[in-house]
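Enquirer: Got a structure here, written out as structure tokens. Questions coming.
The values are calculated or read from the model by the stated rules, or taken from the named source; none is laboratory data. This structure is a prediction, so every number in the text was calculated from the model and none was measured. Glycine gets a Cβ as well: all are built from the backbone with ideal geometry, and neighbour counts include every protein chain shown. Note: areas computed on protein heavy atoms with side chains; ligands, DNA, RNA excluded. Shrake-Rupley method; radii C 1.70, N 1.55, O 1.52, S 1.80 Å.
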Amino acid sequence: MNTKFNFLNRDIVSIRGFSREEIDYILEVAKSIEPLAEKGSDMLRGKVLAELFFEPSTRTMLSFQTAMYKLGGNVIGFAEPGVSSVWKGETLADTVRVVEKYSDIIVLRHPLEGSARFAAEYAQVPVINAGSGAEEHPTQALLDLYTILKAKGKIDGLNIALMGDLRYGRTVHSLAYALSLYNVKLNMVSPDLLRMRNEVLQDIRSRIDVTEYRDIEEILPELDVLYVTRIQKERFPDLGEYEKVRGTFAVNLKLLKSAKDDLIVLHPLPRLDEIAVEVDATPFAKYFEQARNGVVTRMALLALILGAIKNE
Ligand code: CP
């Protein structure tokens, strides 16, 4: 393994804080930690993870909890700010400065962009961004890369499409930044209203070629990876705009007839109607395995940040 990186006590605010070599190393650690996801370990015994979730979550919250428990640690926190003193008006800054007294690491999901960086500036313990509004979801990008690597044996050389809500979907922002560190062909497929943010496009186009499409049919037969996202209704300032794009994409067996046999379909979940249930039983479907990979990827991150795995 590479010996150059130090993850001890590191915040994970944005995927842009990582080099390709660092990401490759995290993915290596995730692979090596796979057996511990089955049999468990006590490498984080006595450590406490605090989850502060100001927005709903199933996968991120529960996979961080599972990761911590599998490594022998403990978890505190809330999934509903209405049961915390936030309800009485306590600020995020004060919440973080109190919770750090009870914990070794904070995992924060918050509706505001910039919230994770803000919390990391106040906290003395490391802060992991578990989703900051429509901005970023860096640990999701790591588990997405891990899933691609596991399924395809490589990331370089792949032809990948990100499809759906590229404007408000935070997972595709982080994933696009991460993929731009690899030698991939990246395609963005969305209605005009939901195009990838300009700031993301400008950044990643300095490293890789990116092509934009309105229709998936134009590109599907060439793809190795199709990453589908839900249209993020809750982030639209005007629901009339949501109605214009609702149901734009539907990945179903009819559509997939023109795909390569070894195409993989990913989705950060939750899904609504953008992937038909009939796809679930096909070899294309990797999205439930993707959710499972969240555990090992987060185990690797927690072990590295809390110093249980060192690469000195
Ligand atoms: N992928 C993801 O972030 O799912 P949750 O919103 O359920 O955490």
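Enquirer: Of the numbered conditions (1) open to solvent by 20 Å² or more (accessible area, probe 1.4 Å); (2) touching a residue at least 24 places away in the same chain (Cβ under 8 Å); (3) closer than 22 Å to residue 304 by Cα; (4) not hydrophobic (A, V, I, L, M, F, W, C), residue 111 satisfies every one except a single condition; which is it?
Expert: For residue 111, the exception is condition (3).
Enquirer: Can I ask one more? For residue 10, state whether it is at pLDDT 95 or above, surrounded by fewer than 20 Cβ atoms within 10 Å (Cβ to Cβ), over 16 Å from residue 303 (Cα atoms) and not β-branched (Val, Ile, Thr).
Expert: Spelling it out, it is not the case that residue 10 is at pLDDT 95 or above, surrounded by fewer than 20 Cβ atoms within 10 Å (Cβ to Cβ), over 16 Å from residue 303 (Cα atoms) and not β-branched (Val, Ile, Thr).
Enquirer: Just to be sure before I move on: is residue 37 open to solvent by less than 30 Å² (accessible area, probe 1.4 Å), hydrophobic (A, V, I, L, M, F, W, C) and away from the ligand (no atom under 16 Å from the Cβ) in the structure I sent?
Expert: yes
Enquirer: Let me ask something additional. Report yes if some residue within region 292-312 is more than 30 Å from residue 41 (Cβ to Cβ), part of a helix (DSSP H, G or I) and open to solvent by less than 30 Å² (accessible area, probe 1.4 Å); otherwise report no.
Expert: No; the residues of region 292-312 include none that is more than 30 Å from residue 41 (Cβ to Cβ), part of a helix (DSSP H, G or I) and open to solvent by less than 30 Å² (accessible area, probe 1.4 Å).
Enquirer: In the same structural domain as residue 90 (by TED's automatic domain parsing), surrounded by fewer than 18 Cβ atoms within 10 Å (Cβ to Cβ) and among the basic types (Lys, Arg) - does that describe any residue in region 61-75?
Expert: So far as region 61-75 goes, no, none of its residues is in the same structural domain as residue 90 (by TED's automatic domain parsing), surrounded by fewer than 18 Cβ atoms within 10 Å (Cβ to Cβ) and among the basic types (Lys, Arg).
Enquirer: Can I ask one more? Confirm whether residue 47 is open to solvent by 20 Å² or more (accessible area, probe 1.4 Å) and touching a Leu at 6+ places or on another chain (Cβ under 6 Å).
Expert: When the stated conditions are applied, residue 47 passes them.
Enquirer: Give the residue, chosen from 25, 102, that is in a loop (DSSP other than H, G, I, E, B) and either outside the structural domain of residue 154 (by TED's automatic domain parsing) or closer than 13 Å to residue 128 by Cβ (or both).
Expert: Testing whether each residue is in a loop (DSSP other than H, G, I, E, B) and either outside the structural domain of residue 154 (by TED's automatic domain parsing) or closer than 13 Å to residue 128 by Cβ (or both) leaves just 102.
Results for (1) of a type in the set (Phe, Trp, Tyr); (2) buried (at least 22 other Cβ atoms within 10 Å of the Cβ); (3) closer than 24 Å to residue 199 by Cα, shown as yes or no for each residue.
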{"site": "104", "(1), (2), (3)": "no, no, no"}
{"site": "125", "(1), (2), (3)": "no, no, no"}
{"site": "159", "(1), (2), (3)": "no, no, yes"}
{"site": "169", "(1), (2), (3)": "no, yes, yes"}
{"site": "177", "(1), (2), (3)": "yes, no, yes"}
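Enquirer: Next up: State yes or no: is residue 156 within 16 Å of the ligand (Cβ to nearest atom), in a loop (DSSP other than H, G, I, E, B), touching a residue at least 24 places away in the same chain (Cβ under 8 Å) and not hydrophobic (A, V, I, L, M, F, W, C)?
Expert: Here the answer is no, as residue 156 does not meet what is asked.
Enquirer: Which number in (1) open to solvent by less than 10 Å² (accessible area, probe 1.4 Å); (2) within 25 Å of residue 124 (Cα to Cα) marks the one condition that residue 30 misses?
Expert: Status for residue 30: all satisfied but (2).
Enquirer: Quick one: in region 51-78, of everything that is within 11 Å of the ligand (Cβ to nearest atom) and hydroxyl-bearing (Ser, Thr, Tyr), which residue is nearest to the chain's Cα centre (by Cα)?
Expert: Restricting to residues being within 11 Å of the ligand (Cβ to nearest atom) and hydroxyl-bearing (Ser, Thr, Tyr), the top hit is 60.
Enquirer: Can you tell me how many residues within region 258-312 are over 30 Å from residue 22 (Cα atoms) and of a type outside the set (Gly, Ala, Ser)?
Expert: 13
Enquirer: Something else about it: Only one residue in 231, 216, 208, 204 is farther than 21 Å from residue 145 by Cα and either modelled with pLDDT of 95 or more or exposed (fewer than 12 other Cβ atoms within 10 Å of the Cβ) (or both), so which one is that?
Expert: So the residue among 231, 216, 208, 204 that is farther than 21 Å from residue 145 by Cα and either modelled with pLDDT of 95 or more or exposed (fewer than 12 other Cβ atoms within 10 Å of the Cβ) (or both) is 216.
Enquirer: Would you say residue 287 is within 14 Å of the ligand (Cβ to nearest atom) and surrounded by 12 or more Cβ atoms within 10 Å (Cβ to Cβ)?
Expert: Here the answer is yes, as residue 287 does meet what is asked.
Enquirer: Being surrounded by 11 or more Cβ atoms within 10 Å (Cβ to Cβ) and over 26 Å from residue 149 (Cβ atoms) is the filter here, so list the residues in region 253-273 that pass it.
Expert: Those that are surrounded by 11 or more Cβ atoms within 10 Å (Cβ to Cβ) and over 26 Å from residue 149 (Cβ atoms): 253, 273.
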